[in-house]
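Notes for the one structure printed next.
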Amino acid sequence: MPALARAKAVESILSLLAPGFLREQREKERRVSAQEERLSKIKIACASKPHGTRARYAAGCKCMLCRAANSRYETVRALARKNGDANPIVSADRARRHLAELSAKGIGRHSVHEACDVSEQILCAIIYGQRENIRARTERRILAVDEGARRGKCLMPAAPTWRLLRELLRDGYSKVQIVEWMGGKRALQIKHGEGARITAATAMKVERVYNLIQAGKLRRTR
Ligand SMILES: [Zn+2]
């Protein structure tokens, strides 16, 4: 049997016996090629950096200026490590698992980004496996995100919400009525004043009531 036909036969048997194995294999290949593509992009970008930069050194230039830049960098890093400020490169696996767990709880990468200030681009690359490694500090920041980052619990400035509320109050809607429409049972408790912050959930409820009123879909009962 010619080699190609044999390879095809093996693949079709594998796909029958162990479909998960083949899928995993393909996924692995895809990740490796994405990683390679990323590295080559970085290399190309680095190769256009001027001499005397560490990036150019990393792209393969070993001229005197680039070697000097690299050794300067190494010296600074070594000193930082000695002072306990190590920020080593670690596997992104733990962060990826943590992000998957958060996602299963309905906390997406946008909320994670807001909570830990790691860019959405980097979070995306970790989630989809284009990033195999990250800095320890990035990992720490991601692992520190918990359910408190749920979007509804994100704090935001209260001012825009108060603008809507004041407009409704001016139009004669009572606070009791507004709270009822918001689905609440207690009095209107929304922080007030300079720099006051409220949860995104509360802001969304007020906005929803405001929009329904504007659309004429709510009738006063009080
Ligand atoms: Zn050079």
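Quick note: the coordinates plus some simple rules give every number you see, no bench work behind them. If you're wondering where the values come from, they're calculated on a predicted model, not measured in any experiment. In this analysis, Cβ positions are derived from the backbone assuming ideal geometry, glycine residues included, and neighbour counts consider all displayed protein chains.
Below, the figures for the structure above:
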| quantity | calculated |
| --- | --- |
| Approximate spin-label separation SER103-LEU169, in nm, with each point projected 7 Å along Cα-to-Cβ | 4.3 nm |
| Helix runs (DSSP H) in the chain reaching 15 Å along axis by Cα, Kyte-Doolittle at least 1.6 | none |
| Gain upon complete extension [HIS110, THR221; 0.36 nm per residue less C-alpha separation] | 36.1 nm |
| Inverse mean reciprocal Cα-Cα distance (Kirkwood Rh) of the chain, Å | 23.1 Å |
| Estimated [θ] at 222 nm from DSSP helical runs (n ≥ 4, -39500 (n - 2.57)) normalised by residues in the chain, nearest 500 | -19500 deg cm²/dmol |
| Proximal charge balance of SER15 [Cβ under 14 Å; K/R count +1, D/E count -1] | +1 |
| Scaled radius of gyration (Cα, divided by 2.2 N^0.38 Å) that the range 19-82 gives | 1.63 |
| Cleavage-rule hits (GluC sites (Glu not before Pro)) in the range 151-222: DSSP loop, at most 13 neighbouring Cβ within 10 angstrom | GLU194 |
| Amide H partners (placed H, <5 Å) of VAL90, local residues excluded | ILE134, ARG135, ALA136 |
